[in-house]
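For reference, the structure discussed in these notes is given below.
The values are calculated or read from the model by the stated rules, or taken from the named source; none is laboratory data. Remember, it's a predicted structure, so these values are computed and weren't measured experimentally. Positions of Cβ are backbone-derived with ideal geometry, glycine not excepted, and every protein chain shown enters the neighbour counts. Heavy atoms of the whole protein, side chains included, go into the accessibility calculation; ligands, DNA and RNA do not. Shrake-Rupley method; radii C 1.70, N 1.55, O 1.52, S 1.80 Å.
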Amino acid sequence: MNNLLKACIFDLDGVLVDTAVYHYMAWKRLALKLGFDFTQEQNEGLKGISRMQSLEILLAEGGLVFDEAAKLKLADKKNRWYCEYIEKMTADEILPGAASLLKELKSKGIKTALGSASKNAETILRNTNLLSQFDVIVDGNNITKAKPDPQVFLLAAGQLKVKPEECVVFEDARAGIAAAVKAGMHSVGIGNPAWLNQADIVVPALKDISIDTLNNLFHTKGTSYETVY
């Protein structure tokens, strides 16, 4: 590929900050309120998808059926609990390597965007002092289709004025990696390589990635790129 790295698009939960734990706490609290338990393993299936899709999965786990009005109330209750948790977040909760990578990208003129299903993204970025590190924010308030649909990443690329093939997406969710692939973008999985096997490369955390490694992706697309561990 002749294209060079022009932009990096980051998911939020589990990539930049550990808000995934607060989502899990809120979903588990809702499940217990409804009379059943909800495990961390079950919660893996909620990563990277919308709130209402997550609720549908949760209710299916509990064997429960509600009408649309009741589901909206349940989703709102979960979100209120989640918002209570994230209001107390600080910069101490930025995941290892995230802040330094964002600063390095900015210093080298590489554009940055957030591409997240979260409707609370700006609150989280503001509370953790990361808001100023992004040129563009596309979140759950801007999109109509959830991952694995590529809409969120394509919107981000459009606002950054770069081509999809000039972008690298950072994701910790299988649905997010699938969305990056559908968008025609390069991808870095953050977490378990078995779960994120569609990604071009998988690392444990952002601290384990370098700009040189990202640039190398543009010369290795279509090959079997080795997991970095």
The stretch 187-213, residues that are more than 11 Å from residue 171 (Cα to Cα) and in contact (Cβ under 8 Å) with a residue 60 or more places away in the chain: 195, 207, 208, 209, 211
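Can you name the residue in the stretch 46-64 that is small (Gly, Ala, Ser) and surrounded by fewer than 17 Cβ atoms within 10 Å (Cβ to Cβ) and, of all such residues, is farthest from residue 19 (Cα to Cα)?
Going through the stretch 46-64, the residues small (Gly, Ala, Ser) turn out to be 48, 50, 54, 60, 62-63.
Still in the running and surrounded by fewer than 17 Cβ atoms within 10 Å (Cβ to Cβ): 60, 62-63.
Working: 60: 24, 62: 24, 63: 27 Å.
Of everything passing the filter in the stretch 46-64, 63 is farthest from residue 19 (Cα to Cα).
Taking the stated definitions as given, is residue 84 under 19 Å from residue 173 (Cα atoms) and either among the acidic types (Asp, Glu) or open to solvent by 60 Å² or more (accessible area, probe 1.4 Å) (or both)?
Details: under 19 Å from residue 173 (Cα atoms): no; either among the acidic types (Asp, Glu) or open to solvent by 60 Å² or more (accessible area, probe 1.4 Å) (or both): yes.
So residue 84 does not fit the description; no.
One line per residue, one yes/no per condition, for (1) crowded, with 17+ Cβ neighbours inside 10 Å; (2) touching a residue at least 60 places away in the same chain (Cβ under 8 Å); (3) out of contact with any helix residue (DSSP H, G or I) (no Cβ under 9 Å at 6 or more places or on another chain); (4) among the basic types (Lys, Arg):
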| site | (1), (2), (3), (4) |
| --- | --- |
| 71 | no, no, no, yes |
| 75 | yes, no, no, no |
| 78 | yes, no, no, yes |
| 110 | yes, yes, no, no |
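In the stretch 45-76, which residues are among the small types (Gly, Ala, Ser), in a loop (DSSP other than H, G, I, E, B) and under 11 Å from residue 34 (Cβ atoms)?
So in the stretch 45-76, the residues among the small types (Gly, Ala, Ser) come out as 45, 48, 50, 54, 60, 62-63, 69-70, 75.
Keeping just the survivors that are in a loop (DSSP other than H, G, I, E, B) gives 48, 50, 63.
Of everything in the stretch 45-76, just one residue is among the small types (Gly, Ala, Ser), in a loop (DSSP other than H, G, I, E, B) and under 11 Å from residue 34 (Cβ atoms), namely 63.
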